[in-house]
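The values are calculated or read from the model by the stated rules, or taken from the named source; none is laboratory data. It should be emphasised that the depicted structure is a prediction, and the values quoted were computed from it without experimental measurement. So basically every Cβ, Gly included, is an ideal-geometry build from the backbone, and we count neighbours across all protein chains shown.
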Amino acid sequence: MAPEVVDRRDKMQQLKAKSLEMRTPQATKTAVMVIGGAEDKVHGREILRTFFGRAGASKAYITIVPSASREPAIIGGRYIRIFEEMGAEKVEILDIREREQCESSQIKASLEACSGVFLTGGDQLRLCGVLADTPAMEIIRQRVRGGQLTLAGTSAGAAVMGHHMIAGGGSGETPNRSLVDMATGLGFIPEVIVDQHFHNRNRMGRLLSAIASHPDRLGIGIDEDTCAVFERDGWLQVMGKGSVTIVDPTELTHTNEPHVGANEPLTLHNLRLHILSYGDRFHLYQRTVLPAVHRISS
């Protein structure tokens, strides 16, 4: 190939990378971090370090809400040690086990003052049962909306992020209505339905089943040790070792979901699918994808 052709191609690649770089959103201070579970707690701890940094780093005041867990003190204690080792100014557990506790002045004061809230794994139905429609929940919601708080949820804490929530179900099957149990989540990001431990537990079928019954939502499947960071400007950015799967039904032309039995196979025509990995971005409202700049430029 002639040198001038190679040179021209290189310049075009550089221009393309520069254009993408200009369009790449700058990280806002606060974010909602949706983690697929089993995040690295021992080695680089990249996802947890990012949460720590977004919550204020050495000035961070982090509250851990282990309400989804059957062993809240044990799981909460583990995160306390991690964030204290990182150098957070203050870390505490809000061990909320009953809805009445959400009206406690002490718990409300903590949620008003903290810079980061971390929802642990466990049972998402238990977490919603304790927090939904409570004064404590309203404080978190308003402060997230106002950009005053970084919120993270892992595993069950990730599942609750949408208005419609996957509460349970099977894996590895052809999509059908009986494959997924739906409930109402906490609605921090109402446009999405989140599934976690995604490829690790072969959950594509159940996410598709959920989207078939709620085609006005966006399906987000997050692998273990992987995080979808939702910025306040509408961009989602992927970090961690796995991938984030986006099921976009915006252009869905047909589903048989209303007309078939619970165990019959579902049809979904004209879905759009994106598999995103480290550094890739997706805009929640424009439904556009932006690849990681380093991949384009290299």
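Does THR267 satisfy the condition of being surrounded by 15 or more Cβ atoms within 10 Å (Cβ to Cβ), in contact with a Ser or Thr (Cβ under 8 Å, 6 or more places away or on another chain) and farther than 30 Å from LYS41 by Cα? For THR267, the condition - surrounded by 15 or more Cβ atoms within 10 Å (Cβ to Cβ), in contact with a Ser or Thr (Cβ under 8 Å, 6 or more places away or on another chain) and farther than 30 Å from LYS41 by Cα - is not met.
Checked against the criterion of being among the basic types (Lys, Arg), closer than 25 Å to ASP280 by Cβ and either at pLDDT below 95 or in contact with a Leu (Cβ under 8 Å, 6 or more places away or on another chain) (or both), the range 210-228 contains not a single residue that satisfies it. Restricting the search to strands (runs of 3 or more DSSP E) fully inside the range 241-298 and requiring at least 3 residues that are at pLDDT 95 or above and more than 20 Å from HIS214 (Cα to Cα) gives an empty result. For the range 133-153, state whether one or more residues are among the hydroxyl-bearing types (Ser, Thr, Tyr), at pLDDT 95 or above, assigned to a helix (DSSP H, G or I) and more than 17 Å from the chain's Cα centre (by Cα). The answer is no; no qualifying residue exists. Considering only residues in the range 189-206 that are polar (S, T, N, Q) and surrounded by fewer than 20 Cβ atoms within 10 Å (Cβ to Cβ), the one that is nearest to LYS241 (Cα to Cα) turns out to be ASN200.
The residues listed here are LEU125, LEU111; of these, the one that is within 20 Å of the chain's Cα centre (by Cα) and at pLDDT 95 or above is LEU125. Close contacts from the range 165-182, counting a first residue that is touching a residue at least 12 places away in the same chain (Cβ under 8 Å) and a second that is surrounded by 18 or more Cβ atoms within 10 Å (Cβ to Cβ) and among the hydroxyl-bearing types (Ser, Thr, Tyr), with Cβ to Cβ under 8 Å and a gap of 6+ residues or different chains, come to GLY169/SER209; PRO175/SER209; ASN176/SER209; ARG177/SER209; LEU179/SER209; VAL180/SER209.
Listed here are the residues, each with its yes/no results for (1) over 20 Å from GLY146 (Cβ atoms); (2) modelled with pLDDT under 95; (3) among the aromatic types (Phe, Trp, Tyr); (4) surrounded by 15 or more Cβ atoms within 10 Å (Cβ to Cβ).
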{"position": "LEU15", "(1), (2), (3), (4)": "yes, yes, no, no"}
{"position": "SER19", "(1), (2), (3), (4)": "yes, yes, no, no"}
{"position": "LYS29", "(1), (2), (3), (4)": "no, yes, no, no"}
{"position": "VAL34", "(1), (2), (3), (4)": "no, no, no, yes"}
{"position": "ILE47", "(1), (2), (3), (4)": "yes, no, no, yes"}
{"position": "SER58", "(1), (2), (3), (4)": "yes, no, no, no"}
{"position": "ILE62", "(1), (2), (3), (4)": "no, no, no, yes"}
{"position": "ALA68", "(1), (2), (3), (4)": "yes, no, no, yes"}
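Among residues of the range 191-232 being among the polar types (S, T, N, Q), over 13 Å from LEU271 (Cα atoms) and not in a loop (DSSP other than H, G, I, E, B), the one that is farthest from the chain's Cα centre (by Cα) is SER213.
Picking from ALA262, ALA228, ALA210, which residue would you name as being buried (at least 20 other Cβ atoms within 10 Å of the Cβ), of a type outside the set (Lys, Arg) and over 26 Å from ARG45 (Cα atoms)? That would be ALA210, the only listed residue that is buried (at least 20 other Cβ atoms within 10 Å of the Cβ), of a type outside the set (Lys, Arg) and over 26 Å from ARG45 (Cα atoms). Applying the set (1) touching a helix residue (DSSP H, G or I) at 6+ places or on another chain (Cβ under 6 Å); (2) within 29 Å of SER243 (Cβ to Cβ) to ALA38 leaves exactly one unmet item: (1).
One line per residue, one yes/no per condition, for (1) under 23 Å from the mean Cα position of the chain (by Cα); (2) in a helix (DSSP H, G or I):
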site: ARG70; (1), (2): yes, no
site: ALA73; (1), (2): no, yes
site: ARG78; (1), (2): yes, yes
site: GLU85; (1), (2): no, yes
site: ASP95; (1), (2): yes, no
site: CYS102; (1), (2): no, yes
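Residues that are in contact with a helix residue (DSSP H, G or I) (Cβ under 6 Å, 6 or more places away or on another chain) and within 26 Å of VAL229 (Cα to Cα) within the range 240-293 comprise GLY240, VAL247, PRO249, VAL293, listed in sequence order. For the range 154-169, the set of residues classified as part of a loop (DSSP other than H, G, I, E, B) and at negative phi consists of VAL160, MET161, GLY162, HIS163, listed by residue number.
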